[in-house]
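Encoded as structure tokens, the structure appears first; notes follow it.
Only the coordinates and a few stated rules stand behind these numbers; no lab work does. Note that the coordinates shown come from a computational prediction; the quantities given were computed from them, not determined experimentally. Methodologically, a virtual Cβ is constructed for each residue, glycine included, from the backbone with ideal geometry; neighbour enumeration extends over all protein chains shown.
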Amino acid sequence: MVRIISLFGVIALTACAFDLRPIPEHAVYDKQKAHLGKKLFFDPILSRDGTVACVTCHLLPGNGAESTSVSTGVDGKKGGMNSPTVLNAVFNFVQFWDGRAKDLKEQAKGPILNPVEMDNSEENVLSVLNNQKEYKKSFYSIYKSELTFDQVVEVIAEFEKALITPNSRFDSYIKGNKSTLSDAEKEGYRLFKERGCISCHNGTNIGGTLYQKIGIFKLFNCGSEHLGRFNITKKEKDKYYFKVPTLRNISQTAPYMHGGKVKTLEEAVEIMYEYQLGILPDKEEVKAIVSFLKTLDGQSPEILKEKL
């Protein structure tokens with residue numbers, strides 16, 4: 001397990017050891033599988049009662065849905081945690097807040113089989129899809145074999161691989177175009193590094209590279225259902241450790257935190273100051289960092305514009 005727990009001063013001194021990398025301009029994926037996965041992602045056919053699709057919880061640019069603290073599954077059941085964005089999820093080192101899935105393919109199984117989300121079974125999914133002539137034909141054209149549940153989650157994962165958002169203004173900046181950011185945004189980036197935010201939010205996804213404890217300097221009231229890695233490992237040392245979320249497109253993915261209770265970026269940054277850095281938030285610093293975070297919005301994934 002990758003962890004970082006450092007006192008504020010140490011984080012600041014070692015921040016230079018971490019880097020932020022631009023998102024590649026083009027995703028690497030199998031187009032035929034991804035297009036089939038896209039169709040399934042938007043189709044509620046995978047849920048037990050045909051009311052919930054992947055996109056119901058994992059919102060995408062332009063789909064017109066409203067983001068909520070927690071998602072609603074079949075029979076109106078409410079989830080316990082905020083649904084992470086699937087944008088750029090391919091760059092995460094694990095999936096889910098608690099890291100229980102090693103990759104996108106393993107993650108795709110979870111919601112389909114979860115009784116609070118789609119509440120379905122592998123057998124029923126295969127039965128329904130086999131009774132749909134178009135789906136059956138599409139899967140056979142790719143795999144040349146009898147339909148399997150593994151194929152279903154593979155095409156969904158392939159679609160998610162294509163959900164990258166390149167060419168943010170910040171990406172342009174770190175590629176050498178220094179005029180891309182305003183002075184205020186550059187100051188926010190400087191503070192992002194100096195205050196130690198970069199120690200956890202780094203790499204291509206500016207997050208998603210390690211687990212971190214929420215509440216280093218004071219207990220963050222997560223609630224008993226939000227114990228992070230502990231729910232998987234049952235080790236006391238893993239309580240309140242979660243996968244660090246990506247900051248990519250963060251201005252478009254409210255609400256924030258694993259419980260989805262934080263409504264604004266300003267509030268989220270203030271919480272990080274208090275609970276992770278152990279210092280009182282300075283309003284001007286928070287404003288500058290938020291202005292920097294807004295430069296992380298990238299282009300909408302090309303595959304969303306492509307017709308099936």
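Table for the structure above
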item	result
The chain: relative contact order as a whole-number percent, Cα under 8 Å and 6+ apart	26
Backbone HN-Hα couplings from phi across the range 288-304 [Karplus 6.51/-1.76/1.60, Hz, Gly and Pro as x]	5, 5, 4, 5, 5, 4, 5, 7, 8, 6, x, 6, 5, x, 4, 5, 6
Ratio of the Cα radius of gyration of the range 31-161 to 2.2 N^0.38 Å, where N counts its residues	1.00
Value at 222 nm in deg cm²/dmol, rounded to 500, when DSSP H runs of n ≥ 4 in the chain each add -39,500 (n - 2.57)	-9500 deg cm²/dmol
Cβ charges +1 (Lys, Arg) and -1 (Asp, Glu), total dipole of the chain, debye	400
Ascending count of other beta-carbon atoms within 10 Å, so fewest first, for SER127, SER69	SER127, SER69
DSSP bridge pairs, the chain: antiparallel proportion in percent, nearest 5	75
Partner lysines for LYS261 [C-alpha distance under 19 Å; skip if fewer than 8 residues away on the same chain]	LYS77, LYS78, LYS213, LYS218, LYS243
LEU20 long-range amide H proximity, modeled H, under 5 Å	GLY203
From phi via Karplus (6.51, -1.76, 1.60), per-residue ³J(HN,Hα) for the range 20-31 in Hz, x at Gly/Pro	10, 10, x, 6, x, 6, 10, 7, 10, 6, 8, 5
Listed residues THR85, ILE271, CYS200: farthest to the positive end of the dipole of the chain (Cβ charges)	CYS200
Taking N as its residue count, the alpha carbon Rg of the range 138-263 over 2.2 N^0.38 Å	1.41
Nonlocal amide H pairs with ALA101, under 5 Å, H built at 1.01 Å	GLN95
Amide H contacts of LEU147 (H built 1.01 Å from N, under 5 Å, at least 5 apart or other chain)	none
Highest to lowest packing among 237-244, 171-178, 195-202, scored as the average C-beta count within 10 Å	195-202, 237-244, 171-178
Packing-based exposure ordering (other Cβ within 10 Å, fewest first) of PHE292, PHE149	PHE149, PHE292
THR264, THR72 arranged by Cβ crowding within 10 Å, fewest neighbours leading	THR264, THR72
3J(HN,Hα) from dihedral phi, the range 34-39, Karplus parametrisation 6.51/-1.76/1.60, rounded to Hz, x for glycine, proline	5, 5, 5, x, 4, 4
